[in-house]
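Worksheet: one structure, shown below.
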Amino acid sequence: MSDIQSFRDTIESFIAARGWTPTRFGRQIAGDPLFVFDLREGREPRSETRQRILKAMQDAAEAPPAPPLRIGVAGLGNVGATLVRILQRDGEELTRKLGRSVVVTAVAARSRSKDRGIDISGLAWFDDPVALAKSDGIDLFVELIGGEDGPALAAVRAALEIGRPVVTANKALLARHGVALARLAEENAAQLGFEAAVAGGIPVIKTLREGLGSARVARVYGIMNGTCNYILTRMGNEVISFDDCLKDAQRLGYAEADPTFDVGGFDTAHKLAILSSLCFGCEIAPDEIFVEGITSITQADIKVAGDLGYKIKLLGIAQRSPEGIEQRVHPTLVSKSSAIAGVDGVLNAVALETDHVHELLLAGPGAGGPPTASSVLSDILDIARGNRVPPLGVPSQELVPYRQAPMKAHEGGYYIRLNARDVPGAFAAIASRMGAAGISLESVIQRPDLRVTDAGPADASIRTIVLLTHSTLEQSVREALALIAADGFIVGQPQLIRIESL
């Protein structure tokens, strides 16, 4: 047998005995992730290269095994229990990939006796998550309690203060305290992972922190709440009201008993604030976001949108402009031909527009136990591998103060639904106000099947009118609608939905 064939056989035996991948051998032993693949294709490395690699293999074989990474999990709800289950079930595979084991050694939750479908009998139990975060029996703390303050904040701070790495799925916590926690992590050389905090199983945080290189993000937008997307999808596919869709969402577990945080747009706003910081290198500003929910969307709105080639989606949108950064969450008409219009049901999607890649769309499950737990696990594995990156993409001291661009600067088309009195001169007055504001109307729709009586009891003298405008300023539209309301020709509140070209 030739020397080169013996070398190949030795490497293959080494890989097989340890269950390594060729890429792992290449990185850890050969210093080239493609080394084994090239070798298999007939590459013949020089003698000194072979000797160096054989020596590295011998050193690896003689080195003591790496100690296990001990995980403490605070919060055993759907995500926490799923994470523990995955780590217990897939421990052998994870050890093969990492070269060290990852084990849950301690947990904290409100009820010790609750049946969660996992075996926690051999784990250390803590009633206080702060005590768990400080425990000498763990190497990494996972916070899945939820809430922007209280035990979640106290426990995360406690872990970071002693230099212990933290992984969390808590978007509310990060939206409110993300900059301070990032600074605390950096001061104590601790890692802070939060992939699961935005869009569940979609790796958007990792993409922004590590995958874009020097690309400059101009705009980020997306569907970031599965509850709202489910409701709007059902309303679009079936003749069913918002209230009935919401009840079904609650029955299926997609919506909470109090759904305000979701359907009011606030959940999306928290996620958008985090993404804006990563995209634009600014401080997180959850209170500087224009927020509208989906509670006012009717079947008439869904029907007109569909007839005109649009779908209605609740989008979070943030973009950079000379005036600052504009952040907004609201229902949006998007063309049926756009990629984001095809994201239906409980799926989420985030699109990034950069100077290097015109548009990058990441889509997938946005919530639920397995997708969210998978993102938590992704952060755990990064920490186990020793990957280090500033929590918010750049060192916290380099984050610029958030400068809000006014909503009035937004320019685009608008869908406007009005309940107008059926009296002489009403429509002429409405059109006149629009024209005086410099607003050009693309189309005017008035059909009996679009009748919306949300302004009060059914009244034959009330007509529902839908106006679609050409591109115009938000400020102009709102000023015109205020004057139209003051004229007394409409009843109830006008419905205003922005049209985005995506």
Restricting attention to the stretch 53-75, which residues are without any contact (Cβ under 8 Å) to a residue 60 or more places away in the chain, closer than 24 Å to A155 by Cβ and surrounded by 15 or more Cβ atoms within 10 Å (Cβ to Cβ)? P68
Against the definition (at pLDDT 80 or above, part of a loop (DSSP other than H, G, I, E, B), at negative phi and under 37 Å from the mean Cα position of the chain (by Cα)), how does I465 come out, yes or no? no
Can you tell me which of R478, R498, R451 is touching an Asp or Glu at 6+ places or on another chain (Cβ under 9 Å) and either at pLDDT 90 or above or charged (D, E, K, R) (or both)? R498
All but one of (1) in the same structural domain as G324 (by TED's automatic domain parsing); (2) assigned to a helix (DSSP H, G or I); (3) in contact with an Asp or Glu (Cβ under 7 Å, 6 or more places away or on another chain) hold for A215; state the number of the condition that does not hold. (2)
Look at T332 and say whether it is of a type in the set (V, I, T), surrounded by 23 or more Cβ atoms within 10 Å (Cβ to Cβ) and in contact (Cβ under 8 Å) with a residue 40 or more places away in the chain. yes
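Here's the yes/no breakdown for (1) in contact (Cβ under 8 Å) with a residue 24 or more places away in the chain; (2) assigned to a helix (DSSP H, G or I); (3) not hydroxyl-bearing (S, T, Y):
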{"position": "T372", "(1), (2), (3)": "yes, yes, no"}
{"position": "L377", "(1), (2), (3)": "yes, yes, yes"}
{"position": "I383", "(1), (2), (3)": "yes, yes, yes"}
{"position": "V389", "(1), (2), (3)": "yes, no, yes"}
{"position": "L392", "(1), (2), (3)": "yes, no, yes"}
{"position": "Y402", "(1), (2), (3)": "yes, no, no"}
Failed condition for D382, given (1) surrounded by 22 or more Cβ atoms within 10 Å (Cβ to Cβ); (2) within 30 Å of Q28 (Cβ to Cβ): (1)
Which of (1) closer than 29 Å to L94 by Cβ; (2) touching an Asp or Glu at 6+ places or on another chain (Cβ under 9 Å); (3) at pLDDT below 90 does V346 not meet, given it meets every other one? (2)
Of those in the stretch 186-212 that are closer than 24 Å to G324 by Cβ and not in a helix (DSSP H, G or I), the residue modelled with the highest pLDDT is V198
Quick one: in the stretch 132-167, which of the residues that are free of Cβ contacts under 8 Å to residues at least 60 places away in the same chain and outside any helix (DSSP H, G or I) is nearest to P286 (Cα to Cα)? E148
Can you tell me which residue in the stretch 349-359 is surrounded by the most Cβ atoms within 10 Å (Cβ to Cβ), limited to those that are over 15 Å from K271 (Cβ atoms) and in contact with an Asp or Glu (Cβ under 7 Å, 6 or more places away or on another chain)? E353
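The values are calculated or read from the model by the stated rules, or taken from the named source; none is laboratory data. Here the structure is a predicted model, which means the values were calculated and not measured. Here Cβ is always computed from backbone atoms with ideal geometry, including for glycine, and neighbour counts include all displayed protein chains.
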